[in-house]
Amino acid sequence: MSDEHILVLLSVLTSGLLVGTIFSVVAAGLSLIHGTILLPQAANGQVFLGAGLLFWLFGTEFDWPLWVSVPATFLIIAMIAFATEATILKRFYPLEDRNISYLIITLGIAQILSGVYTGTIGKISDTFQVTTPFPGFAMIEPVPIPNTRLVAFVLAAAVLGGLMAFLRLHRIGRALRAVFQNREAARLRGIDTLKIYRFAFLLGTMITTAGGILFALAFALDLTVGWTMSLITFSIMIVGGPGSVVGALCVGLVFGFTQAIVSVFADPTVSTFAYLLAMLAMLFIRPSGLFAK
């Protein structure tokens, strides 16, 4: 194999690993919400985009330091999520067939958020590139990798690892798993399912926020990426299985590598939708999801 082919192969591997890991983080947030509450969060992509835009606004436009811009982004998204859950979402918890209601509501929220972004931050620019807080490159021979992307990958992997450890080892994490595995049995064991619903929504939204910040750190944003990410993460959740963080990780990596490989040999537009073919192929193998509970 020639040096040129090795360079292309390593570039595909590193790009696919980074993109797939960030996909997995955002999909894990969506999967946690849907698996626990039966809430198809159609606004997940717009939450992801909002987190990235706020991080860009604070860190680049306002020139705030990283240790201020990141907590500020989490705080604002958390306040919006708490208000949304307390005023809208919790009213539908008693309904058995709440999926359609939630889908319509979150689609409306997504459309509202999209309009807000276009009417406010969209007037500043069409694309948004965060000023890198980690300049320079790391050499993984023979491929130079920007330090910012390397940090984004490490943090994304840490988020996923921390989430999986929390769900398995912490008391509240085990209660979450009990609820999305069997709600009635969890209720009979004394678990307050309504509190778990609220916590799951807030935790899933914070995981999605982390994904938005990490994506903005590694790549440029535009106002269409929210809708694209919604489609990608719903696909990952369906194939991986709602409520499965391991499923989100495995399928997210498959999608990331698929997009990276196709982008080398085809038009970027084709690579954006290549993961859909991968999704169909995996659903043929297991229609209920590869890691369905």
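Where a number appears in this text, it was derived from the coordinates with a stated rule and is not lab data. These numbers come from a predicted model, not from an experiment. Here Cβ is always computed from backbone atoms with ideal geometry, including for glycine, and neighbour counts include all displayed protein chains.
Things worth noting here:
- Stretching the chain fully between residue 231 and residue 75 yields a gain of 53.6 nm (0.36 nm per residue, less the alpha carbon separation).
- On the basis of the beta-carbon distance and an R0 of 30 Å, residue 134 and residue 286 show a calculated FRET efficiency of 0.15.
- Put simply, the amide H of residue 137, placed in the peptide plane, has neighbours under 5 Å in 147, leaving out anything fewer than 5 places away on its chain.
- Stretch gain in nm, segment residue 171-residue 99, where the contour uses 0.36 nm per residue and the Cα spacing is subtracted: 23.2 nm
- At 1.306 mPa s and 10 °C, Stokes diffusion of the range 101-245 via Kirkwood alpha-carbon radius, µm² per second: 88
- All Cα pairs of the range 3-285, percent lying beyond 34 Å: 18
- Highest average packing first - 241-250, 111-120, Cβ atoms within 10 Å: 241-250, 111-120
- Inter-centroid distance (Cα atoms) of the range 212-267 relative to the range 50-103, Å: 20
- Under 5 Å from the amide H of residue 42 lie the amide H atoms of 106, 107, each residue being 5 or more positions distant or on a separate chain, with H modelled from the backbone and absent for Pro and chain starts.
- Calculated Rg and Dmax of the range 92-172 using C-alpha coordinates, Å: 20.3, 57
- In nm, spacing of pseudo-spin labels at residue 182 and residue 61 (7 Å Cα→C-beta vector): 5.1
- The distance separating the Cα centre of the range 190-205 from that of the range 18-43 comes to 15 Å.
- When peptides 32-45, 145-158, 49-62 are ranked by their average number of other Cβ atoms within 10 Å per residue, the highest-first order is 32-45, 49-62, 145-158.
- Long-range HN-HN contacts of residue 64 with modeled amide H, under 5 Å: 59
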